[in-house]
Amino acid sequence: MTDHYSGSFFGRRVGKPLRDRQARLLTDFLPTIAVDLEQPAPSNLAELFDVPVKEVWLEIGFGGSEHLLHRARENPEIGYIGCEPFQSGMAKALTGIADDDLKNVRLFYDDAVKLLDWMPAGAVDGVYQLYPDPWPKKKHWKRRFVNPVNLTRIARVLKPGCHYRFASDIDTYVDWTLAHCRDHPAFEWTAERPADWRTPWANWPGTRYERKAIREGRIGRYLTFLRVPDRP
């Protein structure tokens, strides 16, 4: 799939200047754990890791990396691929990975669309997308990552029977995602009661974006969608 769909990535990639150690990690350490799209994708993404992993999960836009690092620490037998185009978030992830010597994390420092198109079909056991940029103004909604084309990308790489997990504190984006996943044949919302979407997933560490939302009086919603088998 080559059509990136208008709005797959917007915004500045570079923010505040990095500290010396962060700059060194970005220059010297990142290449050792980066997913290299110049190489053919392995048929089994577990081959990307230096340690044996029984599953591979993807986090699209890991922000400050709180969730990515937490999951990697608590599940050393699962491989995590984190995608983040912003320099500050990548630097924080690299710092945490280096400090904890995490062997089960690989990073992609670019647009998630490119990574999704590179991955083989049915390659991942779960996908997280947590507090993505909401583009709250209606005229900017077309810039939201959740759209029919990108949902098809996610569906292609996600194994049937596995989950796409989405969180946001912006009501319009929650409604937007529910509507788009409802209309997409590859996904079914798993919620059966309000607690299913009001309650974070097990062992949820929180994120800085979530904490900001709580301070400002907004409430996070946690949506889980099942990747259903393709219909004949």
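The values are calculated or read from the model by the stated rules, or taken from the named source; none is laboratory data. All figures in this text were calculated on a predicted structure; none of them were measured in a lab. Cβ atoms come from the backbone with ideal geometry, glycine included; neighbour counts cover every protein chain shown. When the accessible area is computed, the model is the full protein with side chains, heavy atoms only, and any ligands, DNA or RNA have been set aside. Shrake-Rupley method; radii C 1.70, N 1.55, O 1.52, S 1.80 Å.
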Pull up region 205-223, narrow it to residues that are of a type outside the set (D, E, K, R) and touching a helix residue (DSSP H, G or I) at 6+ places or on another chain (Cβ under 8 Å), then point me to the one that is surrounded by the fewest Cβ atoms within 10 Å (Cβ to Cβ). Ile219
Quick one: would you say Ala34 is farther than 27 Å from Ala202 by Cα and of a type in the set (Gly, Ala, Ser)? yes
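Quick grid of which residues meet (1) over 30 Å from Pro17 (Cβ atoms); (2) crowded, with 21+ Cβ neighbours inside 10 Å:
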{"residue": "Glu55", "(1), (2)": "yes, no"}
{"residue": "Gln87", "(1), (2)": "no, no"}
{"residue": "Thr95", "(1), (2)": "no, no"}
{"residue": "Val113", "(1), (2)": "no, yes"}
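Pick from region 120-147 the residues that are in contact with a helix residue (DSSP H, G or I) (Cβ under 9 Å, 6 or more places away or on another chain) and of a type in the set (D, E, K, R): which of them is farthest from Gly64 (Cα to Cα)? Give the steps one after another, and end with the answer.
Keep residues of region 120-147 that are in contact with a helix residue (DSSP H, G or I) (Cβ under 9 Å, 6 or more places away or on another chain), which gives 120-124, 127-136, 138, 141, 144-147.
Imposing the further condition that a residue be of a type in the set (D, E, K, R) reduces the set to 133, 138, 144.
Working: Asp133: 13, Lys138: 26, Arg144: 19 Å.
If we take residues in region 120-147 being in contact with a helix residue (DSSP H, G or I) (Cβ under 9 Å, 6 or more places away or on another chain) and of a type in the set (D, E, K, R), then Lys138 is farthest from Gly64 (Cα to Cα).
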Restricting to region 187-219, count the residues that are part of a loop (DSSP other than H, G, I, E, B), more than 18 Å from the chain's Cα centre (by Cα) and touching a residue at least 12 places away in the same chain (Cβ under 8 Å). 5
Among residues of region 129-171 being hydroxyl-bearing (Ser, Thr, Tyr) and open to solvent by less than 10 Å² (accessible area, probe 1.4 Å), the residue farthest from the chain's Cα centre (by Cα) is Ser168
Qualifying residue in region 58-67 (condition: among the aliphatic types (A, V, I, L, M), surrounded by 15 or more Cβ atoms within 10 Å (Cβ to Cβ), part of a strand (DSSP E or B) and at pLDDT 95 or above): yes
With criteria (1) at pLDDT 95 or above; (2) open to solvent by 10 Å² or more (accessible area, probe 1.4 Å); (3) closer than 15 Å to Ile60 by Cα, Leu102 comes up short on (3)
